[in-house]
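Visitor: Sending over a structure as structure tokens; questions will come in a sec.
The values are calculated or read from the model by the stated rules, or taken from the named source; none is laboratory data. What you see is a predicted model, and the numbers here were worked out from it, not measured in a lab. Virtual Cβ from ideal backbone geometry, glycine too; neighbours counted across all protein chains shown.
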Amino acid sequence: MSLLNQLGIKHPILLAPMAGVSTPELAAEVSNQGALGSLGLGASSVETARQQILATQALTDRPFQLNFFCHESCPTDVEANQNWINYLKPEFEKFGATPPTELKCIYPSFKDNDDYLNLCLETKPKAVSFHFGIPHSNQIKKLQDAGIITMVSATNLIEAKSIEAAGIDIIIAQGTEAGGHRGIFNANIDGAIKTADLVQLIKRHCSLPVIAAGGIMNGAQAKAVMKMGADAVQLGTAFVQCKSSNANIAYRQALFDQPITQITATISGRPARGLINHWQAEIDQANRPDSAPYPYAYDIAKQLNALALKNDDVGYGAFWAGSNVAQIRQLEAPDLINQLVVEMNHA
């Protein structure tokens, strides 16, 4: 069975499931246009996630995917968290404020319990994808027994082989050009392989379908990576500017005004590629202490950003974007899908 038939879509294009940016409206627009829409739910409570899924199902009868974080949760490291709080204290003082006294684990992992799993079994999406790791074997089995397709991001060959060995259905090959969080299983190990190279490497050693993700902004780039073996492509950055995304005005404007990106773990505690702002240009000093682990670091980053926004400073936002963001176009989701298809057919 071809990947298109497997996912029930017309075009080999997937919307990247961007937590905090994806919306039911954006997911539905992409799905209704014959591609695979998505909801990034790793940062959502179970009830909020349910509301988003139901809202999407009310807007489209076409397939879409859900995405969750599958990191290894770690207990609170009081010393590491305090060191990070102390390091960021001057940033809070710029706005006449003091930092929090403790950090919280704001994002649970899909693996921590079966709450998200049960939500998937209840709402029955076409596919569920995972970032930062692989679900437990019993979770995979329950999803597949329910007829739900499973997908996991791989950033290197070892991760791809682990995904295949776990019985997952599809590998998402996330190259280093991709915006947002690197899908690395171990936050301290990143092979930083380019998308095109990673696709070819995985296709050479694994038999599963491969979706290329990272640095793809137009149909010519999509067609090129598919000629290298990818069965489909996944785009995120290209869709952030759509009116139906949840990106704020400052984020949308920055995509066009300051399109230079850098990978940093300073914002969340895990490496992620985003537009350069205060985090990369000022806070990410060579002599800084190790950041608090993920997602504790993200807790204080979000508090600092909220404080800065109240003072009209947008430079502490997590403006995730891929390395080819300079090629972004101002198109709404249906038009962007149509344009990509035209370009792919003529490449």
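Visitor: Could you grab me the full set of residues in segment 171-220 that are under 23 Å from Ile260 (Cα atoms) and of a type in the set (D, E, K, R)?
Guide: Scanning segment 171-220 gives Glu177, Arg182, Asp190, Lys194, Asp197.
Visitor: If the Cβ limit is 9 Å and pairs must be 6+ apart or interchain, which residue in segment 100-129 that is closer than 17 Å to Ala80 by Cβ pairs with which residue that is assigned to a helix (DSSP H, G or I) and among the aliphatic types (A, V, I, L, M)?
Guide: Pro100/Ile85; Pro100/Ile300; Thr101/Ile85; Glu102/Val78; Glu102/Ile85; Leu103/Ile85; Leu103/Ala297; Leu103/Ile300
Visitor: Return the residue satisfying two criteria in turn: it lies in segment 249-267 and is in a loop (DSSP other than H, G, I, E, B) and either at pLDDT 95 or above or not polar (S, T, N, Q) (or both), and of such residues it is surrounded by the fewest Cβ atoms within 10 Å (Cβ to Cβ).
Guide: Ile260
Visitor: Residues to consider are Thr56, Thr101, Thr48; find the one that is surrounded by fewer than 16 Cβ atoms within 10 Å (Cβ to Cβ), outside any loop (DSSP other than H, G, I, E, B), hydroxyl-bearing (Ser, Thr, Tyr) and modelled with pLDDT of 95 or more.
Guide: Step by step, each of Thr56, Thr101, Thr48 is checked, and only Thr48 is surrounded by fewer than 16 Cβ atoms within 10 Å (Cβ to Cβ), outside any loop (DSSP other than H, G, I, E, B), hydroxyl-bearing (Ser, Thr, Tyr) and modelled with pLDDT of 95 or more.
Visitor: Now a separate question. Looking only at segment 281-295, decide whether some residue is surrounded by 20 or more Cβ atoms within 10 Å (Cβ to Cβ), within 18 Å of Ala19 (Cα to Cα) and not acidic (Asp, Glu). Step through it out loud before you land on a result.
Guide: Taking segment 281-295 and keeping what is surrounded by 20 or more Cβ atoms within 10 Å (Cβ to Cβ), we get 283, 291-295.
Add one more test, that the residue is within 18 Å of Ala19 (Cα to Cα), and what stays is 294-295.
Among the residues that remain, those that are also not acidic (Asp, Glu) are: 294-295.
Yes, some residue in segment 281-295 is surrounded by 20 or more Cβ atoms within 10 Å (Cβ to Cβ), within 18 Å of Ala19 (Cα to Cα) and not acidic (Asp, Glu).
Visitor: Next question. Does Phe110 satisfy being part of a helix (DSSP H, G or I) and within 30 Å of Asp290 (Cβ to Cβ)?
Guide: No.
Visitor: Considering segment 186-219 alone, what residues qualify as being under 13 Å from Pro12 (Cα atoms) and assigned to a helix (DSSP H, G or I)?
Guide: Gly219
Visitor: Mind counting the residues in segment 119-140 that are in a strand (DSSP E or B) and more than 17 Å from the chain's Cα centre (by Cα)?
Guide: Qualifying residue count for the region: 0.
Visitor: I've got another one for you. Being assigned to a loop (DSSP other than H, G, I, E, B), in contact with a Gly (Cβ under 9 Å, 6 or more places away or on another chain) and not hydroxyl-bearing (Ser, Thr, Tyr), is that true of even one residue in segment 271-287?
Guide: Yes, segment 271-287 contains a residue that is assigned to a loop (DSSP other than H, G, I, E, B), in contact with a Gly (Cβ under 9 Å, 6 or more places away or on another chain) and not hydroxyl-bearing (Ser, Thr, Tyr).
Visitor: What is the number of the single condition among (1) in contact with a Phe, Trp or Tyr (Cβ under 9 Å, 6 or more places away or on another chain); (2) under 24 Å from Gly20 (Cα atoms); (3) not β-branched (Val, Ile, Thr) that Asn113 does not meet?
Guide: For Asn113, the failing item is (1).
Visitor: Right, something else. Tell me which residues, restricted to segment 18-40, are in a loop (DSSP other than H, G, I, E, B), touching a Gly at 6+ places or on another chain (Cβ under 9 Å) and under 14 Å from Ala238 (Cβ atoms).
Guide: Met18, Val21, Ser22
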